[in-house]
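All remarks here apply to the structure that follows.
The values are calculated or read from the model by the stated rules, or taken from the named source; none is laboratory data. The structure presented is a predicted model; accordingly, all values stated were derived computationally and were not measured. Please note: Cβ atoms are built from the backbone with ideal geometry, for glycine as well, and neighbour counts cover all protein chains shown. All accessible areas refer to the heavy atoms of the entire protein, side chains included, with ligands and DNA or RNA removed. Shrake-Rupley method; radii C 1.70, N 1.55, O 1.52, S 1.80 Å.
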Amino acid sequence: MTIFYILFLFMLVAAIIAVETKKLLGSVICIGAIGFGVSLMFLFLRAPDIAITQIVVEILGLIILIRATIARDLTFISGDREFFGVVVSVVIVLVIFLAGVHIFETLPEFGTPIFAETTGSASQTYISEGFQKTGAANIVSAVILDFRAYDTLGETTILFTSILGATVLLRKKSRKLLGEVDA
Amino acid sequence: MLYALCFLMFTIGLYCTVVKKNMVKIVIGIVIMEYAVNLFLIMLGYRIGGVAPIVVEGHVLGNFVDSSVDPLPQALVLTAIVISLGSLALIISICVRTYEKYGTFDITQIRRLKG
Amino acid sequence: MSGMTIIVKTICNWVKVLILLFGLYIILFGHATPGGGFAGGVILAGTYVLIMLAFGREAVEKNLSPSLAGKLLSVGAASFGLIALAGFLFGRDKFLWNFIYQKWPDFKFLGGGTIDLAEFAIGLVVTMSLYLVIFTISVYCRDFKCRDKQCDIPVKEREQN
């Protein structure tokens with residue numbers, strides 16, 4: 001249990017540094033620190049599938065972020081928005097935090113999942129009958145590709161569409177057209 | 001207590017998204033919020049002393065049902081992580097295009113976006 | 001211009017095969033061990049990114065051109081749809097039905113019926129899409145840096161134009 005608190009301390013310190021530091025590159029590197037902390041946390045929470053995926057996705061995301069920001073630290077932007085807007089935003093964020101913390105007291109204690117107490121829940125069916133019904137020993141694979149394969153179909157569509165959007169935004173032809181209009 | 005720490009991380013990301021005026025900082029706030037939500041969903045299914053939801057040979061099935069962690073949030077978060085990488089690429093490409101057009105990451109300097 | 005020093009290139013030559021094998025292993029045994037199409041696909045994309053960083057962009061463009069990557073991405077997405085539709089063909093009206101395991105449970109291709117085939121399709125989609133987006137961002141940033149040094153105008157003057 002103490003390992004969770006230590007990892008959370010690490011991640012919170014990294015998050016505060018990532019938010020408050022002046023240089024963009026340092027901020028991006030702190031995001032990498034948070035991602036590896038989250039990956040370790042997944043490993044200790046008995047979710048090895050997600051730990052593998054998180055640690056690899058983190059590396060590729062860091063490459064994308066660094067590639068986009070490394071040459072662009074020319075205009076040095078610091079400080080926040082206007083004073084009044086900042087005060088209002090901070091007050092709203094604080095109110096959300098104070099209201100939300102009370103909601104977490106109604107949840108069951110950490111370490112006692114909800115699905116174990118309700119009889120006939122979906123997760124119990126997946127665990128007890130997943131191996132006989134699909135032949136896959138990894139229950140997470142059985143869930144994402146057999147029981148809930150519609151989710152995966154939608155996920156593939158979203159990934160395809162977002163990559164298509166990024167490619168269209170960055171290709172040469174549209175850039176040339178816009179550049180001429182801008183100059 | 002651990003849930004509250006998770007929510008504190010979400011709040012830090014929300015603060016960064018709302019207050020900062022650098023465009024990349026806003027993206028970083030969104031990424032921090034994604035991590036916090038993924039972590040919270042996985043923590044909901046954790047069982048103290050549980051095992052990973054993988055059937056090993058020689059397992060007694062009734063024992064496995066009583067000791068496994070929840071596989072359902074893990075399956076949902078697995079898709080969410082990969083989608084977040086795709087959306088990160090899309091957001092970053094929009095930021096890069098905006099930088100090329102306006103010459104800055106500062107959202108208060110982008111005049112034509114100001115309403 | 002292309003690539004890094006000879007030390008990095010030599011190490012990369014040795015390591016890239018191992019990383020490719022590891023990614024394929026994770027996709028193949030996703031039904032029994034941790035992993036699956038998502039994680040293995042991202043690892044395979046990481047191999048191409050490693051080659052791109054070490055040898056320069058031309059080396060990887062020779063192996064896998066972006067147009068071919070786009071076609072393979074479409075093939076992966078379409079094959080996942082065909083696997084989903086094959087449930088209609090072999091069974092009653094069921095979309096996304098695990099028909100191999102339900103009809104012939106003794107037939108062990110790898111163990112999981114259509115789960116393995118679907119994992120291959122998803123791995124192909126994830127690999128090609130991530131490779132394509134990182135390649136595009138890399139091309140874009142290279143061109144952009146050259147232009148930025150040429151017109152080194154401050155922001156305020158640029159806005160007045």
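On the basis of being under 20 Å from C:Val133 (Cβ atoms), buried (at least 22 other Cβ atoms within 10 Å of the Cβ) and of a type in the set (Val, Ile, Thr), does C:Ile43 make the cut?
The answer is yes for C:Ile43.
Looking only at the range B:14-28, filter to residues that are more than 7 Å from chain A (Cβ to nearest Cβ) and modelled with pLDDT of 90 or more; which one of those is farthest from B:Val96 (Cα to Cα)?
Here the residue is B:Thr17.
Residue check, B:His59 against (1) at pLDDT 90 or above; (2) over 28 Å from A:Thr106 (Cβ atoms); (3) open to solvent by 30 Å² or more (accessible area, probe 1.4 Å), all met but one. Which one?
So B:His59 meets the others, but not (1).
Going by the structure shown, is A:Gly165 open to solvent by less than 30 Å² (accessible area, probe 1.4 Å), at pLDDT 85 or above and of a type outside the set (A, V, I, L, M)?
In short, yes.
From the set of residues in the range B:14-31 that are touching a Phe, Trp or Tyr at 6+ places or on another chain (Cβ under 8 Å) and part of a helix (DSSP H, G or I), which is most open to solvent (accessible area, probe 1.4 Å)?
B:Met23
Would the range B:64-74 turn up any residue that is more than 7 Å from every other protein chain (Cβ to nearest Cβ) and surrounded by 22 or more Cβ atoms within 10 Å (Cβ to Cβ)?
Yes, the range B:64-74 has at least one match.
What are the residue pairs meeting all of these: first residue in the range B:96-111, first residue free of Cβ contacts under 8 Å to residues at least 60 places away in the same chain, second residue open to solvent by 30 Å² or more (accessible area, probe 1.4 Å) and in a helix (DSSP H, G or I), Cβ atoms under 6 Å, and 6 or more apart or on different chains?
Qualifying pairs under 6 Å: B:Arg97/A:Leu169; B:Lys101/A:Asp182; B:Gly103/C:Val155; B:Gly103/C:Arg158; B:Thr104/C:Val155; B:Ile110/B:Tyr102.
Do we find that A:Leu25 is under 24 Å from B:Val96 (Cα atoms), surrounded by fewer than 21 Cβ atoms within 10 Å (Cβ to Cβ) and not basic (Lys, Arg) in this structure?
Answer is yes for this residue.
Is it the case that A:Leu159 is free of Cβ contacts under 8 Å to residues at least 24 places away in the same chain and closer than 19 Å to C:Phe95 by Cα?
Details: free of Cβ contacts under 8 Å to residues at least 24 places away in the same chain: yes; closer than 19 Å to C:Phe95 by Cα: no.
Considered against the rule, which asks whether it is free of Cβ contacts under 8 Å to residues at least 24 places away in the same chain and closer than 19 Å to C:Phe95 by Cα, A:Leu159 comes out as no.
With the requirement that a residue be open to solvent by less than 10 Å² (accessible area, probe 1.4 Å) and either at the interface with chain B (Cβ under 8 Å from one of its Cβ atoms) or at pLDDT 85 or above (or both), what does the range A:131-148 give you?
A:Asn138, A:Ile139, A:Val140, A:Ser141, A:Ala142, A:Val143
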